[in-house]
Amino acid sequence: MDFDRFFGLLKALEREAVDYILVGGIALNLHGIVRATEDIDLFVRANADNVDRLKRALRSVWNDPDIAQIRLEDLAGDYPTVRYGPPDEGFVIDLIGRLGSAFTFDDLKADVADVEGVHVRLASPESLYRMKKDTVRAQDRADAQLLKDRFGLKED
């Protein structure tokens, strides 16, 4: 993943005041658990103003007309994840409005990390653990165990 592009996205999210929480592999890395990943997972508050700010942030990094296809109706709908593939990049961005009935934006606790002067909202170790511990993906369960061990987390 091109760090400069990723960093550009983080700066744009902060500049546009997007209400988001970084989850997934990159959040694990920022918490000190090294894991390779090829996507950026952003849990976003699914309301009209926030989705507009999100699209402005994305447009400031990529001149891509497909950004217009990101819609509140999708992020707040029955299948509340939008996968955006920026042009000429080796990664995708998963925009998550909620995870089924298990997690909404308000269910997650966020920590703020300073990444080269940019304030990044990332899911707390406890939130990441709760999101990953009971999934069917072996990688998620392994991540949950690493989080539990590193941060001394207790079972719910």
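Only the coordinates and a few stated rules stand behind these numbers; no lab work does. Since this is a predicted model, take the numbers as computed values, not measurements. Positions of Cβ are generated from backbone atoms using ideal geometry, with glycine treated the same way; all protein chains shown enter the neighbour counts.
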Cα-Cα pairs of segment 63-156 separated by more than 20 Å (percent): 52
Of Ala113, Ala46, Ala57, the one that fluctuates the most in a GNM where the chain has Cα springs shorter than 10 Å: Ala113
Greater than 28 Å apart at Cα, pairs in Lys55/Lys154; Lys109/Lys154; Lys11/Lys109; Lys55/Lys148; Lys55/Lys109: Lys55/Lys154; Lys55/Lys148
Taking only Cα atoms, what is the 0 to 90° angle, nearest 10, from helix 48-61's long axis to the longest principal axis of the chain? 80
Helix 3-15 vs. the chain, principal-axis angle (Cα, 0 to 90°, nearest 10): 80
Using only the Cα atoms of segment 3-151, what semi-axes does the equivalent ellipsoid have when each is the square root of 5 times a gyration tensor eigenvalue? Give whole Å, largest first. 24, 18, 14
Rounded to the nearest 20 debye, what is the charge dipole size of segment 3-151 about its Cα centre when +1 sits on each Lys and Arg Cβ and -1 on each Asp and Glu Cβ? 300
With each run of n ≥ 4 DSSP H residues scored as -39500 (n - 2.57), what mean residue ellipticity at 222 nm is computed for the chain after dividing by its residue count and rounding to the nearest 500 deg cm²/dmol? -11500 deg cm²/dmol
Farthest toward positive dipole pole in the chain [+1 Lys/Arg, -1 Asp/Glu at C-beta], among Pro87, Ala57, Gly32: Gly32
Projected onto the charge dipole of segment 9-156 (unit charges on the beta-carbon of Lys, Arg, Asp and Glu, signs +1, +1, -1, -1), the Cα from Phe43, Gln145, Thr135 with the largest positive-side position is that of Gln145
